[in-house]
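The values are calculated or read from the model by the stated rules, or taken from the named source; none is laboratory data. Please read all numbers here as calculations on a predicted model, not as lab measurements. Please note that ligands, DNA and RNA were not included when accessible areas were found on the heavy atoms of the full protein model with its side chains. Shrake-Rupley method; radii C 1.70, N 1.55, O 1.52, S 1.80 Å.
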Amino acid sequence: MDMEIEQEGNYDKPKKLKNFMSIKSLLILIYSIFFSIGQISGAMLVRIYFLHGGKRKWLQSFLLTAGFPILILPISISYIKKRKKFTTNNNNIRVFVTPKLAIFSAILGILLGICSYLYNFGMSYLPISISSLLGSTSLAFTAIFAYFMVKHKFTDYFVNAVVLMILGSIILGLHMNRDRPIGESNRRYMLGFVMTLVGAALHGFINAGVEYSHVKAGVVVTFDLVMQMQFLISMFSALFCIVAMIINKDFQTITREAEEFGLGQKKYYMILALTAISLQTMMIGSLGMIFCSSALLFGIVNALLIPIEQIFAVIFLPENFNSDKWMALAMCLWGFASYFYGEYKDSMANKVTKNKHATLPDQV
């Protein structure tokens with residue numbers, strides 16, 4: 001009888017594992033959709049803001065995480081449900097964010113604020129077709145930092161991907177004058193180019209840092225943990241940007257900038273509101289993907305969105321797509337394909353190894 005119960009328990013374990021994996025896959029899919037929608041719409045809105053007279057870079061940086069209070073709703077709902085559950089069982093409610101994770105969140109939040117400023121600085125002077133290609137190098141930086149921080153392995157396919165992405169950036173750099181917006185100085189255009197690359201490097205560090213934080217904290221990744229970490233990172237980033245806006249006297253100039261905005265005052269505030277919503281959606285998706293999977297998967301999805309961003313920029317914005325950009329895009333996609341193929345081969349090799357170990361007791 002005891003053996004039958006034990007066997008039933010063993011049979012239940014694979015079912016529970018499958019259910020957990022299916023929920024995790026569903027969450028990754030949802031977060032990927034959130035990130036894709038937020039990334040494309042957010043980039044378009046930020047560029048429209050700068051094209052029509054907007055100049056407040058710290059304001060746009062703040063909008064990346066300004067919508068963080070909306071996360072209070074899912075966190076509160078989850079808390080209320082758990083409170084009822086734990087009250088009936090006479091247990092205390094567990095808070096998933098440990099002091100160590102809170103410190104990690106504060107550091108990552110400040111770095112995120114700086115990263116957002118670097119990206120916005122680049123987008124104020126560069127077309128989306130250029131900034132998105134440069135931003136895609138964050139995949140290479142993510143993999144490099146992940147190698148040192150969470151021990152992801154380097155492969156020949158990864159090295160090939162990094163070289164191709166760097167070559168793509170060099171091609172854009174050598175022919176940048178061909179696509180410089182009218183009235184933009186060569187110095188500002190070059191500075192935007194460099195700042196975007198530095199932002200991509202810092203973005204890669206943050207992605208690896210998020211994965212490193214929950215690995216080192218030694219806690220199980222749950223929906224509650226993801227929401228709480230997102231809230232803290234976004235809050236610290238928003239507070240950092242608010243301090244920078246006060247120092248830069250941005251709050252005093254918003255009203256005047258709205259009156260002088262090229263599309264009108266109403267559309268100015270509408271663009272700011274939509275930007276905040278889009279970028280917060282992107283933040284939820286990006287951090288969710290990293291927590292539920294890895295920083296590298298986030299980098300891959302980010303790289304996949306480049307061609308879509310290019311298409312939207314050409315259709316809705318006054319941008320062209322010349323031969324240099326096509327070549328850089330081809331190299332970027334080639335690098336992505338090389339990296340993805342390498343990851344696929346490694347995963348298949350790991351499955352074969354696991355199957356061999358699983359069948360070993362039967363052979364004995």
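Quick notes
- Across the stretch 56-66, rounded Karplus estimates of 3J(HN,Hα) from the backbone phi angles (6.51 cos²θ - 1.76 cosθ + 1.60, θ = phi - 60°) give 7, 6, 5, 5, 5, 5, 5, 5, 4, 10, 5 Hz, Gly and Pro being marked x.
- 3J(HN,Hα) from dihedral phi, the stretch 97-113, Karplus parametrisation 6.51/-1.76/1.60, rounded to Hz, x for glycine, proline: 7, 7, x, 5, 5, 5, 5, 4, 4, 4, 5, 5, x, 5, 4, 5, x
- Accessible area in square angstrom per residue, the stretch 182-308, 1.4 angstrom probe: 43
- Each residue was assigned an accessible area with a 1.4 Å probe, and for Asp156 the value is about 130 Å².
- Fraction of accessible area attributable to carbon and sulfur, the stretch 189-304 (%, probe 1.4 Å): 71
- Based on the reciprocal of the average 1/r between different C-alpha atoms, the Kirkwood radius for the stretch 234-339 equals 17.2 Å.
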